[in-house]
Number of protein chains: 2
Amino acid sequence: MSGHSLLIASIEKHLSLNTQEQHRILLAFTTQYIKKKEFFLRAGEVCKQVAFVLNGCMRSYAVDEQGFEHNLQFAPEGWWITDMNSIIHGTAARLNIDAIEDTQALLLSRDQQEGLLKEVPKLERFFRIISEKSMAGSHKRLIDQVSVNAQTRYLNFCDQYPGLIQRLPQKQIASYIGVTPEFLSKIKAELLRRKD
Amino acid sequence: MSGHSLLIASIEKHLSLNTQEQHRILLAFTTQYIKKKEFFLRAGEVCKQVAFVLNGCMRSYAVDEQGFEHNLQFAPEGWWITDMNSIIHGTAARLNIDAIEDTQALLLSRDQQEGLLKEVPKLERFFRIISEKSMAGSHKRLIDQVSVNAQTRYLNFCDQYPGLIQRLPQKQIASYIGVTPEFLSKIKAELLRRKD
DNA sequence: CGGATCGTTGATCAACTTCAACGGTCGTGG
DNA sequence: CCACGACCGTTGAAGTTGATCAACGATCCG
């Protein structure tokens, strides 16, 4: 129940809900526990639902032809995660989503979402706003990726997600900023050397 | 008027509108002509509106510390373009948006949009859907950027935007796929050599 | 305790950039 | 209508950034 209130609070940052609406919303979600290294979505499946993380942490990533993983997003508590391409086009997911820590999440299927939006139309607004935010974040990242070098990307990451740095294995961060774990190690060594 | 119907048609792909609603929508927009090389938005300003392109083509791009441009998006007719980070957070734009061809666009300010959404709430749904699509496209691009080499990115671009290739100067495409114009030239030469 | 996974370091390698030079085309002013 | 400059695409040589491969010590967890 404390977890559910995280979802409600998150929505109420953007609009207010009466008790009835809150109950209707929670009805649309199901709870799922995902252990570290277990999958929420595998590439090739069609993604049917979006996840709202209550605690723990998930990540989404693509695997290239040579088998290397590339992290697209981390989702600690309070974040949403899904394969948007798969869910809106109904195509095979290109992303894998798994748990980096033992995770508890609320799941919302597209069907449930449709029903929910019909009964509580003002939620359209909420989902519009988080989509816009997500799009803005994604744009920011894309610009970062092409316009600054790896060291700066690492520093930017430290800046933007101070909480995640201590929590995540370094190789996960390397995969996110788009370098090999070896090279991130060298970046950190270089930064330490320059700090003296 | 033929231009306006492009907007209406674009919305009606996702929901249906009666004549009254159509008129109310068009009321919220203003028309603007932007000549080739003129700016719709300059980095540093706060972005106040989104543009829907009727004809011509605009692009958004960031400029890095060394003065190099990095194209984020092209917007030919039927596409929306804005600096989402600036518009939703009210912060200084990091993007420039200018016209690559003489362009006619419909502009919608955030204030007008708010008013419009109040009177025609079902448009929340439309804006949610296009945000989701935009986010999906952005994710796709991000994965592409980090998981395949420049030659493949070029081929993917040709695939996805066959219409734009003939229309755009090569250096604009180079900037989009994230390489120097010189290197794109070499990629094309290599592809021609292998085709024989 | 033992195996697996992690982070580190160094040597070599590949992808892409930088810089410089050249020919072609386009648009503009005379 | 021509001439000029600006911008574009191309090519080649040399330079950087980050990847790859291999080896090693540390830590974590079963």
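Every number here is computed from the coordinates shown, using simple stated rules; none is lab data. Predicted model only: the values in this text are computed from it and were never measured. Cβ placement follows ideal geometry from the backbone for every residue including glycine, while neighbour counts extend to all protein chains displayed.
Worth pointing out:
- Fewest-first ordering of B:135, B:84 by other beta carbons within 10 Å of each residue's beta carbon gives B:135, B:84.
- For residues of B:63-72, the mean tally of beta carbons on other chains within 10 Å: 3
- In this structure, the pairs whose alpha-carbon distance is over 28 Å, taken from A:171/B:188; A:140/A:186; A:122/B:48, are A:171/B:188.
- For chain B, adding -39500 (n - 2.57) for each run of n ≥ 4 DSSP H residues and dividing by the number of residues yields -16000 deg cm²/dmol at 222 nm.
- Volume in Å³ per residue [convex hull over Cα atoms, computed for the protein assembly as shown]: 165 Å³
- Remark: mean inter-chain Cβ contacts per residue of B:82-92 equal 3, using a 10 Å Cβ-Cβ cutoff to other protein chain atoms.
- Nm distances between copies for residue A:38, ranked from closest, using label points 7 Å along Cα→Cβ: 5.9
- Directionally averaged shadow of the stretch B:1-82, computed from the convex hull of its alpha-carbon atoms, nm²: 6.4 nm²
- Here the Kirkwood formula puts the hydrodynamic radius of chain A at 18.1 Å, using every distinct Cα pair.
- Summary for residue B:152: label point 7 Å along Cα→Cβ; distances to the equivalent points in the other copies, ascending, 2.7 nm.
- The spacing between the stretch B:45-82 and the stretch A:102-132, judged by their C-alpha centroids, is 30 Å.
- Between B:173, B:130, B:81, the GNM of chain B built on Cα springs shorter than 10 angstrom shows B:130 fluctuating the most.
- With all pairs of different C-alpha atoms in the average, the Kirkwood value for the hydrodynamic radius of the stretch B:92-196 is 16.9 Å.
- Cα-projected label distance for residue A:109 with residue B:150, points at 7 Å along beta-carbon direction, nm: 4.7 nm
- Note on A:117-128: average number of Cβ atoms from other chains within 10 Å of each residue's Cβ is 4.
- Ascending distances from the residue A:111 label point to its copies in the other chains, with the point 7 Å along the Cα-to-beta-carbon line: 4.6 nm.
- Options A:58, A:75, A:18, ranked by Cα towards positive dipole end of the stretch A:2-119, top entry (Cβ charges): A:18
- Comparing B:27, B:123, B:108 in a Gaussian network model of chain B (Cα springs below 10 Å), the most mobile by mean-square fluctuation is B:27.
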